[in-house]
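S.K.: The structure's right below; bear with me while I get my questions together.
The values are calculated or read from the model by the stated rules, or taken from the named source; none is laboratory data. Since the structure is predicted, the reported quantities are computational estimates derived from the model, not experimental observations. Every residue, glycine among them, receives a Cβ derived from its backbone with ideal geometry; neighbour counts consider all protein chains shown.
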Amino acid sequence: MSWTSQTLRTELFGILKKYVQGTEHELGDRTELVAHLGLDSLAVMEVVADVEDKFGLTIEDDDLRAAQGRGATRRLIRPARGRSVR
């Protein structure tokens, strides 16, 4: 079985919900980790570590910087599409 767009989104939003308790911002494909969710740099790194573990990815520093802006949630999981589920 491979990761589909929907299963990736569901799993990613599950990870993010651990870090955004109490926020009123709805999670979506264009959610920004810092601007919308108010995550600090430590929380962003924790999210990245959880995403890497869950999807078997390594997110490079350049990709991480790009993933913090508009469309962050899509960019974080893009490399996992089509990969096998562990």
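S.K.: With the requirement that a residue be in a helix (DSSP H, G or I) and either within 15 Å of LYS17 (Cβ to Cβ) or touching an Asp or Glu at 6+ places or on another chain (Cβ under 6 Å) (or both), what does segment 30-43 give you?
M.R.: Of everything in segment 30-43, just one residue is in a helix (DSSP H, G or I) and either within 15 Å of LYS17 (Cβ to Cβ) or touching an Asp or Glu at 6+ places or on another chain (Cβ under 6 Å) (or both), namely ALA43.
S.K.: Could you check segment 29-59 and list, in sequence order, the residues that are more than 21 Å from SER5 (Cα to Cα) and either charged (D, E, K, R) or surrounded by 12 or more Cβ atoms within 10 Å (Cβ to Cβ) (or both)?
M.R.: Those that are more than 21 Å from SER5 (Cα to Cα) and either charged (D, E, K, R) or surrounded by 12 or more Cβ atoms within 10 Å (Cβ to Cβ) (or both): VAL34, ALA35, HIS36, LEU37, GLY38, LEU39, ASP40, ALA43, VAL44, MET45, GLU46.
S.K.: Given GLY69, GLY82, GLY56, which one is at positive phi and modelled with pLDDT under 65?
M.R.: After ruling out the rest, the residue left standing is GLY82.
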